[in-house]
């Protein structure tokens, strides 16, 4: 990602004065009368988030002013970067580390643009690195977010299971991780039958991507849903439902980006990333409703609907992940519309079998403008997954609680003694805002990394 953060001031660099909203009256009184008159004439409110560019004696821009408050987060800085005139700016004074990181990260994300198929169209001003910012961490987060967004934004013609495996190999090579890819019929020999069955109808063979890094320390395992395109299978989606299905590998993008963050930060952990990469296509050999599937876990699954394929792919990955008893297991998936109904598109719905794990995710989500919200693993709803012919049905036949029953299905593949959290995410911005353009988006990435860093960092 081309960051709009620079190491030193240039000739065109203007000072950027940061004013606390609670102290803005005092700051205003300290200005010369000409400055106060300018603020009055331009309607400067002094509320948190307000900004202005003040003129000097020669009439040219002399400095910019930005008012911050308790509600100022990284996206506030993205908005400022999108509104200020072209040029470059340097924050005067010293921000707290948290605020300096927010400023740099928000400013950097304001410059993100997906340009694989066209030339850039936006231009943002530059910012001299804030004095107290953790430059290494911010760069790593910008790079990981750009990776995640680029993967989700790339259409399936250019990012099928083969290409997704290639992207995982690139990340692995960069950080000297071992990446093993099991493809096609080899999945059956290796006992990943659900991944194979979901993806077998595509001419781009299904794959299990298995990345390992680190030889000592706690085990951190990440699982991602890598459905590179979802037609719905034989339970075919309508055209409107298929429109954004290139993003159905958003969970895989999150797992790769989070893995990249962990490796770049050199956290002392044994990292494993497992991704089931498939295309849910329609062909003569497509799996069918009410087929009974074998699983890596050893239980049988009656397939309720071929458009509920993601949980099948993740199930085999979770069963393998649980085998090693990781200290924390996280899975990411664009799994259910029910979760979007419950929490909207901007919040990651999280299910967890461990209260402390969820509380840590929530704490770091709040601190990093990356909101999560817990939905219940309500045990009595397990009966909605009962099958008359198999150990479990892949989905409830009722219209309610779809996110919960999907999470309960996944829970069947996770050992009870493994701390686990499941992220049911949108992974997509529906509208265009500074720092958050329409398209692929990170939901829970910053919260999850901060939690892992706090638990297992040096």
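Read-outs: derived from the displayed coordinates by stated rules, not from any lab. All figures in this text were calculated on a predicted structure; none of them were measured in a lab. Note: ideal-geometry Cβ built from the backbone for every residue, glycine included; neighbour counts use all protein chains shown.
Treat the count of other C-beta atoms within 10 Å as a stand-in for reagent exposure and order 192, 117, 358 from fewest to most. Present the calculation step by step, with values, prior to reporting the outcome.
Details: 192 25, 117 9, 358 19.
Least to most surrounded, the residues fall as 117, 358, 192.
Quick check: the angle from helix 74-83's long axis to the longest principal axis of the chain, C-alpha only, nearest 10 degrees?
Value to nearest ten degrees: 60.
So what is log10(I(q)/I(0)) for the range 120-192 at q = 0.15 1/Å, when the Debye sum runs over its Cα atoms only?
-0.76
How much length, in nm to one decimal, is gained on full extension between residue 121 and residue 20, taken as 0.36 nm per residue of separation minus their Cα-Cα distance? Working shown, then result.
Numbers: separation 101, 0.36 × 101 = 36.36 nm, distance 3.34 nm.
Here the segment from residue 121 to residue 20 would lengthen by 33.0 nm.
Cα-based Rg (one decimal) and Dmax (whole number) for the chain, in Å?
Gyration radius and largest Cα-Cα distance of the chain: 24.0, 83 Å.
Can you tell me which of 176-186, 414-424, 211-221 comes out highest on packing, and rank the rest after it, using the mean Cβ neighbours within 10 Å?
Working: 176-186: 14.9, 414-424: 21.3, 211-221: 18.0.
Taking the mean over residues of other Cβ atoms within 10 Å, the ranking is 414-424, 211-221, 176-186.
How big is the range 310-387 by the Kirkwood estimate over distinct Cα pairs, in Å? Working shown, then result.
On the way: mean 1/r = 0.0702 Å⁻¹.
For the range 310-387, inverting the mean 1/r across all distinct Cα pairs yields 14.3 Å.
What fraction of the Cα pairs in the range 5-133, stated in percent, has a spacing above 20 angstrom?
In whole percent, the share of Cα-Cα pairs in the range 5-133 beyond 20 Å is 44.
In 10 Å bins starting at zero, report the fraction of Cα pairs in the range 1-75 per bin as a rounded %.
Computed distribution, short to long bins: 16, 46, 29, 8, 0.
Could you tell me how many degrees, from 0 to 90 and to the nearest 10, lie between the Cα long axis of helix 355-367 and the main elongation axis, the longest principal axis, of the Cα atoms of the chain?
It is inclined by approximately 30 degrees.
Looking at the range 5-133 only, what percent of DSSP beta bridges run antiparallel? Nearest 5 please.
Values: 5 of 18 bridges.
The antiparallel fraction comes to roughly 30 percent.
Report, to the nearest 10°, how far helix 250-264 tilts away from the longest principal axis of the Cα atoms in the chain, using its own Cα long axis and a range of 0 to 90°.
With both axes taken from Cα atoms, the answer is about 60 degrees.
Determine the percent antiparallel among the DSSP beta bridges restricted to the chain, to the nearest 5. Each step should come with its number before you reach the end.
Numbers: 27 of 66 bridges.
Percent antiparallel among DSSP bridges in the chain is about 40.
Could you pull the Rg and Dmax for the range 205-268, using just the Cα atoms, both in Å?
Just the Cα atoms of the range 205-268 yield Rg and Dmax of 15.7, 48 Å.
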